[in-house]
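One structure is given below, encoded as structure tokens.
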Amino acid sequence: MRDQIVAGNWKMNNDQNQTQTLLNVLKNHKKPENVRVMVAPAFTQLSQSVTLLEEDMISVASQNVNAEASGAYTGEVSVDMLKGVGVSTVILGHSERRSLYHENNTSLADKVNTTIEAGMEIIFCFGEQLEERKSNRHFEVVKEQLSEALFHLSAEVWSQIVLAYEPVWAIGTGETASPAQAQEMHAFIRNLIQDHYTADLAQKVAILYGGSVKPGNAQEIFSMEDVDGGLIGGASLNAEDFMSIVNAF
Ligand code: 13P
């Protein structure tokens, strides 16, 4: 049985007070025992969030990390800094980081290596752009993203990896991949893992879907055989919406 996971990627939202308010509401909600729930606040709110959620089952992830251990990298944050405030999961490869901050499969492979070596968990994001889907290149693009950033890893460390398929055309647009489109891609991804590693490993890796998941569509998407949960942007900023998605399995 794979982990069922719902993670909220807050992006550059929620200051100190907003974080406190939102997390206090989330804490008071009853959560299903079989779902891992995570939130990913901004770097400045990580320490506060870990403290606030100390006795709760919600865990805290960061939205990024630098590939280097320390040094002259102005504005950057290292794996040890994250571990030092109690964060053990890192989101890597989000499409906004790829498009706005020039991350690519090669630089992401370095971040992946550093994060794995630090013993942390990765939520690895990838997905095709609209033009790539329109020209029927989405499978090829996803294969390349996974092969170049992850397939050098040994099978043993895949217990530290969660995948998040986020078609770029569905992020923040209100347009969602249909449950059938999500299932088709997730099954393709599982096959890639099976071909490169083993069927056993392919069955164990959790694959999340991200892109305009809302209370109204979460259940249908999560009911797909190869969809193990969601990475939620906009709807994770509202406690009722996020909790409704957490309870949508
Ligand atoms: P939305 O849910 O706002 O489309 O964002 C998805 C996302 O980017 C999660 O990482």
When you go through (1) charged (D, E, K, R); (2) within 30 Å of Glu240 (Cβ to Cβ); (3) at pLDDT 95 or above one by one for Lys204, which number turns out not to apply?
(2)
Please state which of the following conditions Val213 fails to meet, knowing it meets all the rest: (1) more than 28 Å from Thr106 (Cβ to Cβ); (2) touching a residue at least 40 places away in the same chain (Cβ under 8 Å).
(2)
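The rows are residues; the columns are (1) more than 18 Å from the chain's Cα centre (by Cα); (2) surrounded by fewer than 21 Cβ atoms within 10 Å (Cβ to Cβ); (3) among the acidic types (Asp, Glu); (4) more than 25 Å from Gly172 (Cβ to Cβ).
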| site | (1), (2), (3), (4) |
| --- | --- |
| Ser78 | yes, yes, no, yes |
| Arg98 | no, yes, no, no |
| Tyr101 | no, yes, no, no |
| Thr106 | yes, yes, no, yes |
| Phe126 | no, no, no, no |
| Arg133 | yes, yes, no, no |
Would you check if there is a residue in the range 71-78 being outside any loop (DSSP other than H, G, I, E, B), in contact with a strand residue (DSSP E or B) (Cβ under 8 Å, 6 or more places away or on another chain) and at negative phi?
no
Within the range 120-158, the residues that are under 20 Å from Ala69 (Cα atoms) and in contact with a Lys or Arg (Cβ under 8 Å, 6 or more places away or on another chain) are Met120
Filter pass, Ala164 being closer than 19 Å to Asp228 by Cα, among the hydrophobic types (A, V, I, L, M, F, W, C) and at pLDDT below 95:
no
The conditions are (1) touching a Pro at 6+ places or on another chain (Cβ under 9 Å); (2) free of Cβ contacts under 8 Å to residues at least 24 places away in the same chain, and Met81 fails exactly one of them. Which is it?
(1)
The range 156-249: helices (runs of 4 or more DSSP H) wholly inside it with 2 or more residues that are among the aliphatic types (A, V, I, L, M), closer than 24 Å to Gln18 by Cα and more than 10 Å from the ligand (Cβ to nearest atom) are 239-246
The range 170-201: number of residues that are among the polar types (S, T, N, Q) and within 18 Å of Glu140 (Cα to Cα)
4
Given the conditions (1) closer than 26 Å to Ala248 by Cβ; (2) away from the ligand (no atom under 16 Å from the Cβ), every one holds for Thr89 apart from (2)
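The values are calculated or read from the model by the stated rules, or taken from the named source; none is laboratory data. As the structure is a computational prediction, the values presented were derived from the model and not from experiment. Heads up, the Cβs are rebuilt from the backbone with ideal geometry, glycines too, and the neighbour counts pull from every protein chain shown.
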